[in-house]
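The values are calculated or read from the model by the stated rules, or taken from the named source; none is laboratory data. Just so we're clear, the structure is a prediction, and the values are computed from it rather than from any experiment. Note: ideal-geometry Cβ built from the backbone for every residue, glycine included; neighbour counts use all protein chains shown. Note: areas computed on protein heavy atoms with side chains; ligands, DNA, RNA excluded. Shrake-Rupley method; radii C 1.70, N 1.55, O 1.52, S 1.80 Å.
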Amino acid sequence: MEHDRIADIVGQWGRERPDLDPSPLLIIGRIQHLAAVLDAVLRPPFAAANLGNGDFDVLAALRREGAPYALTAGQLSHRMLVTTGAVTKRVDRLIARGLVSRSVAAADARGRVVGLTPAGVTLTDRLIEEHLANEAAILRDLSDSDRRTLERLLATMDRTLGSGGGSQAE
């Protein structure tokens, strides 16, 4: 079994500052560590497809909408939990790759709609299969009951923090 470095840190703080309760680190420290590890494990397929951080989020948000796979920048921003400025930068990169297009909105000539190109649909469908398989492999050692419990606990933390709920990359 691997050594528990987070527990060591908590023990050190307990020794050095017995007036403090370092036990939140057992959860928050692990979440922070796991976020970095998950990024390193999940990022390679996107990097291999020459997608920058967050680019797949745009593709996935559009693909989840169903045909015609189109949203405004504001809708993308809402679905991806990022600013419209971040959306614009990502969309610009994806337009340059031919994976999305930007067109005038039918309902409002001042508005713009971002849509997946056929190449974008193909790439997104391939990557989401690989991404979900990677996520399933990460969770393979958790029982169904453990997964439901973890999901419930993380959702509770998410609500407590008021972050708006859920992951960005799917």
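Tell me which DSSP H helices of the chain clear both cut-offs, 20 Å or more of axial length from alpha-carbon atoms and a mean Kyte-Doolittle hydropathy of at least 1.0.
24-42
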Inset, instruction - For the range 14-67, state the semi-axes of the equivalent ellipsoid (square roots of 5 times the eigenvalues of the alpha-carbon gyration tensor), sorted largest first and rounded to whole angstrom. - result: 38, 14, 7
Inset, instruction - Would you work out which of Ala61, Leu154, Leu34 lies farthest towards the positive end of the dipole of the chain? Charges go on Cβ: Lys and Arg +1, Asp and Glu -1. - result: Ala61
Legend entry - Within a Gaussian network of the chain (alpha carbon springs, distance under 10 Å), most fluctuating of Asp57, Asp144, Asp92: Asp144
Inset, instruction - Divide, for the range 32-127, the radius of gyration over alpha carbons by 2.2 N^0.38 Å, where N is the residue count. - result: 1.09
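With r as the distance between the Cβ atoms of Arg97 and Ala35 and R0 = 35 Å, compute the FRET efficiency 1/(1 + (r/R0)^6) and round to 0.05. If you can, show how the numbers build up before the last one.
Numbers: r = 27 Å, r/R0 = 0.77.
Between Ala35 and Arg97 the formula returns 0.85.
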Legend entry - Two-site label geometry, Glu129 and Arg64: point separation in nm, points 7 Å out along Cα→Cβ: 2.1 nm
Legend entry - Of (i) 44, 18, 14; (ii) 38, 18, 15; (iii) 23, 18, 16, the label for semi-axes √(5λ) of the Cα gyration tensor in Å derived from the coordinates: (ii)
Legend entry - Of all accessible heavy-atom area on the chain, the percent that carbon and sulfur account for (1.4 Å): 58 percent
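Using helices alone, what [θ] at 222 nm do you get for the chain, with -39,500 (n - 2.57) per DSSP H run of 4 or more residues, divided over all residues and rounded to the nearest 500? Present the calculation step by step, with values, prior to reporting the outcome.
Numbers: 8 runs with 106 residues, N = 170.
Taking each H run of at least 4 residues, the total per residue is -20000 deg cm²/dmol.
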